[in-house]
Structure formats: structure tokens, C-alpha cells
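Notes follow the structure.
The values are calculated or read from the model by the stated rules, or taken from the named source; none is laboratory data. Note that the structure is a prediction, hence the values are computed from the model and not measured. Ideal geometry is used to build each Cβ from the backbone, glycine not excepted, and the neighbour counts take in all protein chains shown. When the accessible area is computed, the model is the full protein with side chains, heavy atoms only, and any ligands, DNA or RNA have been set aside. Shrake-Rupley method; radii C 1.70, N 1.55, O 1.52, S 1.80 Å.
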Amino acid sequence: MNDRKNGLTYADSGVDIDAGNRLVDLIKPMVRATARAGADAEIGGFGGLFDLKAAGFKDPVLVAATDGVGTKVKVAIETGLHGGIGIDLVAMSVNDLVVQGAEPLFFLDYFACGKLDPEAAAAIVAGVAEGCRESGCALIGGETAEMPGLYKDGDYDLAGFAVGAAERGTLLPSGDIAAGDAVIGLASSGVHSNGFSLVRKIVAQSGLGFDAPAPFSPVMTLGGALLAPTRLYVKSCLRAIRETGAIKGLAHITGGGFTDNIPRVLPKHLGVGIDLARLPVLPVF
């Protein structure tokens, strides 16, 4: 007979299959709540399904985007405040879709960690589901990867993938952007999910902890204030596009700021003039 006393299990390697199954049970109701025309938002299959015809599209062009939330996750990890980071994950991709005139249809998330904490992971997915509901897209799948040895216990990272669609001929920017057109700025909700390596460096040099009162808003902790979720621009922008017919181009202001992102939607022979002195600046900045 073979001696099996030296056999190893997943648990011996630091991977908890039961924790993964518990997470799936916790998030199923959240995922179902994101159902929309074209998707039932059920998870458990090998791939998510979406029916463009059921969503009302006749001659669609698909638009895809992917992003993460950068080192903002370190602030969430250090404060234990995980709820808003899932909204950030959705926002960074769906905001990229809507500026191209596309309606977000479905979203998938990837969650990687050293040791799976089902409750913390469920709080993150709850934020993902909330962001999807607010953007009108279905959460149709995702992946949870527990990878001891690659991530330390307590550490995690996120990636998100969004697909949207627009009827052929309606994508932005349009070809008629011209001199004399107006530039309208939509306010942010804070730092969004950009530049947090710099944000964390500033906080470190200030000597403040994330649990200290925020100097710009003493009723909040510094960590809580910095974790304000990224604003979702989808519904307001789609409504403006569809109801006015006057939107020629939109730019999602992310890591490169005004100077890198606005030119991406302009004809090469045009620029914009912005009076920075007239822009209201949030106290966090």
C-alpha cells in the first residue's frame, strides 16, 4: 500500500477553498442586483453572457476599457475602509467608456490577495455592485485569486474590465469640433483614483496618520476623506449626449491631468484655453 501521510492540500499551501466559496455566497445577491436588459447578472458559469439585441442595439460598435485603482488600495488596506474602493474600480473604466459616447453594458472584476478575507472582499464587491448599478451596467463575472507568497496577508489588488456600446456613427469625439466651441468642466469628488503614490508621499511627510482628523475637513479622518469614491459621470453624460445632441467630445481627466487628456479628443490644429483662476478647488487638493 502507498503511504499517503506526506500528501499536501490547498490549505497546507495557504489557499482556503472554503473561504472562496463563502465569498461567492456573500456576493451573489449583490451581483443579481446589477441585472439589466441584456444580462441576468448571475455568476457561476465559465463566462458571462450579454445579449446586445435584448439591450436594444441595432448596429452597435463595442467599446472596451480596463483599469485599476492604483495605490489607493494601500489607503483602504491601512484604514480597513474597503467599501468605496469597488466604486472607484468601476468608475475608472466606465468613465472611460462614456467619454467615447458609449453606454456601459457589463463589467468584470479581478481581485487578488495573499489571504482571502471573505467579509473584506465582500465589502469591496458590494462597492463594485453599487458602481455598476449607478452606471447601468451588469456585473456578469469576475475572478478571485488567493496567492500567498506573491501578496502579503492583508494586501490585495484590483482590476476591472468594462464593455459598452454605441450605435454606429454616434461615437465621440465627433469630427466637427471647431474654434469657438465652449469647454465645460464637471467637478470631481476629490482625488479620484489618480496620483496616490504622490498623495501617500505627502501624507508620510506630513507626519499625519490616516486615522488623524483631515486638516481640510476635521469632521473626517484623513484616510476616510482621501477614500471618497471616484465620481460616476455615466448617467449625466449619457443624458446630455442623447438629449442635447450638442456634445462634440468628452475627456476623462485621469493621471495626465488637463494637459495630457484634453488633447486626446481635439483635432491636431486646435487647443483649448482654460482660466485656472476661475476653477473652484476642493479643499483636499
Of all accessible heavy-atom area on the range 97-161, the percent that carbon and sulfur account for (1.4 Å) = 53
remark   = Interchain or sequence-distant (5+) residues whose placed amide H lies within less than 5 Å of the amide H of Ala138 are Phe106, Phe107
task = Could you grab the relative contact order for the chain? Cα pairs under 8 Å, six or more apart, rounded to a whole percent.
result = 23
ask   = For the chain, with every protein chain kept in place, what is the accessible area per residue (1.4 Å probe, Å²)?
value = 56
Estimated translational D of the chain in µm²/s (Stokes, Kirkwood radius over Cα pairs; 10 °C; 1.306 mPa s) = 76
inquiry  = Can you compute the charge dipole magnitude of the range 213-285 about its Cα centre, using +1 on each Lys and Arg Cβ and -1 on each Asp and Glu Cβ, nothing else charged? Give it in debye, rounded to the nearest 20.
reply    = 300
ask   = Over the range 139-273, what is the relative contact order in whole percent, taking alpha-carbon pairs under 8 Å and six or more residues apart?
value = 26
task = Provide, in order from the shortest bin, the percent of all Cα-Cα pairs of the range 164-285 in each 5 Å bin, continuing until the bin that contains the maximum pair distance.
result = 2, 8, 16, 19, 16, 14, 9, 7, 6, 3, 0
key: With every protein chain in place, the range 183-259: carbon and sulfur % of accessible area (1.4 Å)   = 60
